[in-house]
1. Please list 3J(HN,Hα) in residue order for the stretch 69-83, calculated via the Karplus relation 6.51 cos²θ - 1.76 cosθ + 1.60 where θ = phi - 60°; whole Hz, with x for glycine and proline.
2. What is the Cα centroid distance between the stretch 108-128 and the stretch 44-66, reported in whole angstrom?
3. Where does the charge balance sit around Leu85 when Lys and Arg score +1, Asp and Glu -1, over other residues with C-beta under 10 Å from its C-beta?
4. Pull out the extension gain between Glu52 and Thr111, defined as 0.36 nm times the separation in residues minus the alpha carbon to alpha carbon distance; nm, one decimal.
5. Pull out the extension gain between Glu69 and Ala124, defined as 0.36 nm times the separation in residues minus the alpha carbon to alpha carbon distance; nm, one decimal.
Amino acid sequence: MVGTTKVKTGGARKKAVKSSAEAAKSTYARSHRLSGMRLEFLLKAEDDSLRERAATASSGRAAKTLAKEGRLRVTLIALKRGTVLKQHHADGPVSIQCLRGNVAIAVGDDTSELTSGGLMVLDAKVAHGARALQDSSILITMSVASGR
């Protein structure tokens, strides 16, 4: 089956024809294109957008998955001061990089403070939680089980 989408270009509307393979792709797959073998992001611009959303969100946070390729997941999360991410774990290893602000990361009974530029790496299935000590953003990179 071939789908069509109306595309607005410079005030004019054009009809773009999608192949059946394109129509079957998820919204993520249709909206994220590889350039050669890579994806590139301006993290400051992504963070600025998420910071605005987090400021008005009732949860105090906003997130965007930047990459979802095979087993790799890269997610940027903006947190308002005081926002808590409840204890959880991932099936694969995880890295948490603080890009802005300060975040307390609890691993078991131990809590470490990540400041801008700080990085923490956790083994698979390690339970952890976070609390934003000030308005912050963290970049999460993880490997997920196959088939997810």
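What follows draws every value from the coordinates through simple rules; no lab data is involved. Just so we're clear, the structure is a prediction, and the values are computed from it rather than from any experiment. Don't worry about glycine lacking a Cβ; one is built from the backbone with ideal geometry, like all the others, and counts go over all protein chains shown.
1. Once rounded to whole Hz, the list reads 10, x, 8, 8, 10, 10, 10, 9, 10, 9, 10, 6, 3, x, 5.
2. 21 Å
3. So the environment of Leu85 carries a net charge of +3.
4. Values: separation 59, 0.36 × 59 = 21.24 nm, distance 2.78 nm.
Additional length available on full extension: 18.5 nm.
5. Gain in length upon complete extension: 17.9 nm.
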